[in-house]
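Note sheet for the following structure.
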Amino acid sequence: MTIGIIVYSQTGNTLSVAEKLEQSLKENGYAVTLERILAENDTPRASAPMSLTFSPDTTPYDTIIFASPVQAFSLCPVMRQYLAQVSDLSGKKVCCFVTQHLKKPWMGGNHAVKQIKSACESKGAPLSASGVVNWSGPTRDNQIADIVNRLSHL
Ligand SMILES: Cc1cc2nc3c(=O)[nH]c(=O)nc-3n(C[C@H](O)[C@H](O)[C@H](O)COP(=O)(O)O)c2cc1C
């Protein structure tokens with residue numbers, strides 16, 4: 001099984017969790033590749049429209065884990081745009097996690113996961129597992145450990 005972790009991360013939080021997951025999957029013997037979605041004009045104050053400068057190809061992977069920050073109580077625009085243009089995901093196993101600053105998953109995290117779920121379903125793949133990390137919450141480290149544990153036994 002080849003696993004792709006496809007990450008968008010603006011300030012490094014989501015990437016740090018994705019790297020822990022990558023390490024754990026490797027320790028469990030999986031062939032795993034972490035790829036970053038890159039974008040320009042992806043900050044709130046950007047003067048030009050946001051555009052993707054690197055969109056990882058999903059076709060080499062049997063299993064894909066999408067990882068993204070929450071922005072404005074929703075899935076961030078970069079991941080939304082990426083998922084809208086991604087190729088068909090039929091037959092693939094798809095999981096995801098999101099990170100957010102606020103303390104509770106209902107403050108945008110759950111909504112962002114639903115948006116990923118719906119985007120993946122529209123490309124032919126049901127979402128198998130998901131997680132939310134509340135970066136300023138008291139259980140952040142446990143949330144990260146739980147996501148790494150659940151998603152590294154695929
Ligand atoms: C433009 C913008 C909007 C944000 N909106 C939210 C939000 O609605 N709710 C929240 O909990 N965190 C929000 N955040 C915080 C990020 O979701 C959080 O810091 C996340 O872990 C960043 O991940 P990254 O370091 O991988 O980019 C926002 C951050 C930015 C830059």
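Values in this text are rule-based calculations from the coordinates and carry no lab data. The shown structure was predicted, so the numbers you read here are calculated from the model rather than taken from an experiment. Backbone-built Cβ (ideal geometry, glycine too); neighbour counts: all protein chains shown.
Of the residues in the stretch 85-96, at least one is more than 11 Å from the ligand (Cβ to nearest atom), of a type in the set (Lys, Arg) and buried (at least 18 other Cβ atoms within 10 Å of the Cβ). Only one of (1) away from the ligand (no atom under 13 Å from the Cβ); (2) surrounded by 13 or more Cβ atoms within 10 Å (Cβ to Cβ) fails for Val70. Which number is that? The single condition Val70 does not satisfy is (1). Looking only at the stretch 18-38, which residues are crowded, with 16+ Cβ neighbours inside 10 Å and either touching a residue at least 40 places away in the same chain (Cβ under 8 Å) or touching a Gly at 6+ places or on another chain (Cβ under 7 Å) (or both)? Matches in the stretch 18-38: Ala18, Leu21, Ser24, Leu25, Tyr30, Glu35, Ile37. For the stretch 46-53, the criterion of a residue being away from the ligand (no atom under 16 Å from the Cβ) and under 15 Å from the mean Cα position of the chain (by Cα) is satisfied by no position.
When we screen Ser122, Ser128 for residues that are without any contact (Cβ under 8 Å) to a residue 12 or more places away in the chain and not charged (D, E, K, R), the only hit is Ser122. Residues in the stretch 7-33 that are assigned to a strand (DSSP E or B) and more than 13 Å from the ligand (Cβ to nearest atom): 3 in all. Scanning the stretch 111-143 for residues that are part of a helix (DSSP H, G or I), within 13 Å of the chain's Cα centre (by Cα), surrounded by 15 or more Cβ atoms within 10 Å (Cβ to Cβ) and within 16 Å of the ligand (Cβ to nearest atom) returns Ala112, Val113, Gln115, Ile116.
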